[in-house]
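Please read the structure below before turning to the comments.
The values are calculated or read from the model by the stated rules, or taken from the named source; none is laboratory data. Keep in mind it's a predicted model, so treat the numbers as computed, not measured. As a convention, Cβ positions derive from the backbone with ideal geometry for all residues, glycine included, and neighbour counts pool all protein chains shown. Each accessible area value is taken on the protein alone, full model and side chains, heavy atoms only, with ligands, DNA and RNA left out. Shrake-Rupley method; radii C 1.70, N 1.55, O 1.52, S 1.80 Å.
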Amino acid sequence: MSKFAPIDTIIFVIYFFIVAGYGYYIYRKKKKAVSATHDFFLAEGSLTWWAIGASLIASNISAEQFIGMSGQGYSIGIAVAAYEWIAAIALIIVAVWFIPVYLKNKIFTMPQFLKTRYNETVALIMSIFWLFLYVFVNLTSILFLGAVAINNLLGGTPDSFHLILIALSVFAVFITLGGMKVIGFTDVIQVSVLIIGGLATTYVALTVVSKAFGLGDSALAGFSQLLKSAPDHFHMIFAKPVAGTPQHQVDNYLTIPGLLSYVAGIWIINLNYWGCNQYITQRALGADLPTARKGILFAGFLKLLMPVIVMLPGIAAYVLHQKGMIQAEMLVNGKHGEVVSDNAYSAILGYLPNGLIGLSLAALTAAIVASLAGKANSISTIFTLDVYKKYIKKEADEKNMVIVGRITILAALIVSIMLTWQDALGIGGAGGFTFIQKYTGFISPGVFAMFLLGMFWKRTTGAAAVVGVITGFALSIVFNELAPAWFGHETFLYTAYQTMENGKLVWEIPFHVCMGLAFFFTMAIMILVSLGGPKINPKAFELDKSMFKISPGVLAMIVITLMIISMLYIRFW
């Protein structure tokens, strides 16, 4: 295996100075921006459509994709690409129907949306929910998985892991303290490095497979060999398990339960993430509608490419492991005697030649740092504008809020370092990508129901919103943790399956199904509660058809995206 060489160090240092230098240039160019809250938190009016799109992807693609989704590619296969390809459709929905509502009503934060549409109680509850979720699940997961990946790539030790944690946090702080404008424009460089480095890794992975099977030095031959050697890894839709189904297929179905994923679960995940998430929508909320729409749809195009970068290396690692070429790198879980799939990407990186290792490290670092910076900025935005300004110091001026925002960024990253120092949350054992999706899914049904009805049904009340977010969370716990024991393993609503968890056999409902059930029941309860209120809530948004009209150029982007996705599903169904 190749080792980190001087040329790799040079390439990585060049990347670091380009990003840091460009960020400092943007910061100095409009230094006054950092004293205004709307520019610090939103980069209001200064991001172009391509910067918005690039920033969306740079913030979205991080260690959980490079490491977690690659690990899912190793264990499950192409079915995990559904998260990316359905996301492209979700971005179309957000661009056409969600963003116009936000921009027309001058919404800058998601808690502000809830206060404007419902009441301050709902906004405060959700501000606290989001802050805990962003710090304890998202920010912590990104930092932990990123440090693990880089440490494995460098052949490091537990001590070097801790140094990498700190280095990533410091780099993220450097970018984040310049505000959303600096984040947005440096993300253009970050996503360029991410894509170039990611494609280079995929290319090398496929050529390694080609050579391993005596097919020469050809990436296309390597891909063809993947299709032959791992045909079960190239199906988007899994069949429902029956008696005698192998356990690994049952586990795959629990993660992505075939067509049931597309009934509700995967849509709730994506529409909530891309349309009701401060971390994401923040990039577009400071722009005008045409710019925001183009930026969001551009991000949708880039999402179509992401499985090639973050999933194919995992499938290549699976084929090479089956051939006996990856052993030491794919560490075995001592508790269960199973391969740790999250190590798949690091194993592939070991095959890279000198020079490309530095580029891949730069790509991985770009993904991690961009996500850390974006998430930290969103935490800062929610805390400063929706908690500090409203409940702690109402008379705070612009300068004071920017200072508080920066302190919040530092505090959030320090907490994340403390949680990841010894993996206090058990992210490594759960599998990074699944950890994030599952625990985010506990609040997604209630939040999405609250936003959806709040935008498009004028009768929805504040009381219904409070009931909805609590009900959604409670039902998520019931279906994910308690239902099989309470109601049995087979009901007209769900089927539970046995799987191994912490060394014990347990009954589990696919978490996509859990999300769908929690969402539909939450919607029903919110509608019933709202029927007890006025026919038109005084706080309902005014909507008109002109808000949702799209230009021919936007329509063309939508049609092209849908055609590509249709072809992919037809080919890999």
Residue, nearest to the chain's Cα centre (by Cα), within segment 548-573, restricted to residues that are assigned to a helix (DSSP H, G or I) and among the polar types (S, T, N, Q) | Thr561
Restricting the search to segment 129-157, which residues are without any contact (Cβ under 8 Å) to a residue 60 or more places away in the chain and closer than 21 Å to Ala449 by Cα?
-> Phe132
Looking at segment 484-497, which of its residues are surrounded by 15 or more Cβ atoms within 10 Å (Cβ to Cβ) and either outside any loop (DSSP other than H, G, I, E, B) or in contact with a Cys (Cβ under 9 Å, 6 or more places away or on another chain) (or both)?
-> Pro484, Tyr494, Thr495, Tyr497
Quick check, is Gly275 on the phi > 0 side of the Ramachandran plot and not polar (S, T, N, Q)?
-> no
Exclusive hit being among the aromatic types (Phe, Trp, Tyr), within 21 Å of His512 (Cβ to Cβ) and either over 16 Å from the mean Cα position of the chain (by Cα) or modelled with pLDDT of 80 or more (or both), set Phe456, Phe451 | Phe451
Looking only at residues in segment 382-437 that are polar (S, T, N, Q), within 26 Å of Val310 (Cα to Cα) and touching a Ser or Thr at 6+ places or on another chain (Cβ under 7 Å), which one is modelled with the lowest pLDDT?
-> Thr434
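Per-residue answers, yes or no, for (1) open to solvent by 50 Å² or more (accessible area, probe 1.4 Å); (2) in contact with a helix residue (DSSP H, G or I) (Cβ under 6 Å, 6 or more places away or on another chain); (3) part of a loop (DSSP other than H, G, I, E, B):
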position: Phe473; (1), (2), (3): yes, yes, no
position: Phe479; (1), (2), (3): no, yes, no
position: Leu482; (1), (2), (3): yes, no, no
position: Thr499; (1), (2), (3): no, yes, no
position: His512; (1), (2), (3): no, yes, no
position: Met523; (1), (2), (3): no, yes, no
position: Ser546; (1), (2), (3): yes, no, no
Among the candidates Ile61, Ile67, Ile26, Ile10, single out the residue that is at pLDDT 80 or above and of a type in the set (A, V, I, L, M).
-> Ile10
Among the residues of segment 234-287, which ones are over 25 Å from Trp97 (Cα atoms), open to solvent by less than 30 Å² (accessible area, probe 1.4 Å) and in a helix (DSSP H, G or I)?
-> Val250, Asn252, Tyr253, Leu254, Thr255, Gly258
Total residues in segment 435-471, condition among the hydrophobic types (A, V, I, L, M, F, W, C) and either free of Cβ contacts under 8 Å to residues at least 60 places away in the same chain or open to solvent by 30 Å² or more (accessible area, probe 1.4 Å) (or both) = 8
Would you point out the residue of segment 97-117, among those that are open to solvent by 10 Å² or more (accessible area, probe 1.4 Å) and in contact with a helix residue (DSSP H, G or I) (Cβ under 7 Å, 6 or more places away or on another chain), that is modelled with the highest pLDDT?
-> Trp97
